[in-house]
Amino acid sequence: MLASLLGRPQGLWLLGLLLLWAALLFGGFIFGKLDAQQTRRMPTWTRITSSLVLVVAAWSWYWLTRGSAANAVALLIAVGMTLGALGDVFMARLLPVPQYVLGGIGAFGLGHVAYISAFWRLGNLRGLNAAGPRWGTLAVWLLIGLIGWYFAVYRGQKPTVLHWAALPYALLLASTAGLASGLAVQASAFVPLALGGALFLLSDLILAARLFSGAHFYLIDDVVWLTYGPAQALIVYAASVGY
């Protein structure tokens, strides 16, 4: 849909938001200063602001699709992105909440409920709801999510409430990737959407390994954002193929 809007004010607005998002995320990485732990170059403000730009983009898509059958899908994507940005605020410890990880898991988890609902509706709306691709890809990604949770969170740890809370969360992310992949199997235009779902799960597993298993490597926090940020951007923009 974005291509069809280019040259019109709405398309230029959406393209401008995408370029601003990229400038904030990648510019923060390129020009930011390495922290003392050598885990990050991106400043907090560029990371959070990049997410807020995607929130504006998602709600812009909702406004542009008003009156169409896809408006409910755009609304769910906008709600999911908004909750994702709230999760970013929790994880950046910008709110006075002791259990910031639980807060982040809760916000992101609800956001993925919205994404899952959006992809399900989108499949039904566009006739991409064949049982084999839909349920087959979902089953594969649920297995990937379970295995990822085991190695990144559970293995070698004494399980706590947080460890177990991370399991349904990982399965929610895997479900998002699974349903997006089901769309992509039936229509290649949705391959970027499937890539977004896969990158989101990958980003979260890296973050989970850092939080729960003490994983550490050079610029690990930036790697999380360099997979997570594009994942959200792909979900917000690639879903518009079905609008």
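Every number in this text was worked out from the coordinates using simple rules, so none of it is lab data. Since the structure is predicted, the reported quantities are computational estimates derived from the model, not experimental observations. For neighbour counting, all protein chains shown are included, and Cβ atoms are generated from backbone atoms with ideal geometry for every residue, glycine included.
Odds and ends about this structure:
- Packing, taken as the mean count of other beta carbons within 10 Å per residue, orders the peptides 108-116, 76-84, 140-148, 28-36 from highest to lowest as 76-84, 108-116, 140-148, 28-36.
- Rg/Rg_ref, the chain, where Rg_ref = 2.2 N^0.38 Å and atoms are Cα: 0.99
- When peptides 227-234, 49-56 are ranked by their average number of other Cβ atoms within 10 Å per residue, the highest-first order is 227-234, 49-56.
- Using every pair of distinct Cα positions in the range 27-157, the Kirkwood expression returns a hydrodynamic radius of 17.2 angstrom.
- Protection-proxy order for peptides 167-173, 88-94, each taking the mean of Cβ atoms within 10 Å per residue, highest first: 167-173, 88-94
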